[in-house]
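Here the structure is laid out as structure tokens; the discussion comes afterwards.
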Amino acid sequence: MFEKKRYFIRGTLWRYLKGKQLLGHDFDRQKPIDNYIVDFFCNELMLAIEIDGISHENKSEEDRIRQSKLESLGVRFLRFYDSDVKGNIQGVITAIGEWIRANEPTPNPSQEGNFKRTSPKRGMRRR
């Protein structure tokens, strides 16, 4: 019963994350990183999203060590309670969207026009 509930709750959030639906960012589900697996992960943002439920109640120290190790690799975290995903999915999606807007990388400006054209060396013929 517990596993079915966990799967259902993660599946609820996955429906909003898959297929680049959230601001065009690609998320993976159950992504292995180092020796750990995170619930959802966006490589472009280096963002892990974790859903904490009853299985995390007695694992706070273990979770802290795990998160610290992954953060040392550049992974950033958003954590939500499974009850929030179940009862307020729009609030969870809004919070993730706000985090993305505040933290997404800015695109590089166009480099067009910054390249010098080179002409063939004298004495060389173009073919």
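Points worth noting:
- Residue within the range 12-28 that is surrounded by fewer than 11 Cβ atoms within 10 Å (Cβ to Cβ), of a type in the set (S, T, N, Q) and over 14 Å from the mean Cα position of the chain (by Cα) present: no
Residue by residue, here is whether (1) in a helix (DSSP H, G or I); (2) without any contact (Cβ under 8 Å) to a residue 40 or more places away in the chain; (3) closer than 13 Å to residue 22 by Cα holds:
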site: 61; (1), (2), (3): yes, yes, no
site: 66; (1), (2), (3): yes, yes, no
site: 69; (1), (2), (3): yes, yes, no
site: 74; (1), (2), (3): no, yes, no
site: 84; (1), (2), (3): yes, yes, no
site: 95; (1), (2), (3): yes, yes, yes
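- In the range 28-59, residue modelled with the highest pLDDT [restricted to those that are outside any helix (DSSP H, G or I) and among the small types (Gly, Ala, Ser)]: 48
- Test for residue 76: is it surrounded by 12 or more Cβ atoms within 10 Å (Cβ to Cβ), at pLDDT 95 or above and more than 15 Å from residue 13 (Cα to Cα): yes
The values are calculated or read from the model by the stated rules, or taken from the named source; none is laboratory data. Everything numeric here is computed off the predicted structure, so don't read it as measured data. Don't worry about glycine lacking a Cβ; one is built from the backbone with ideal geometry, like all the others, and counts go over all protein chains shown.
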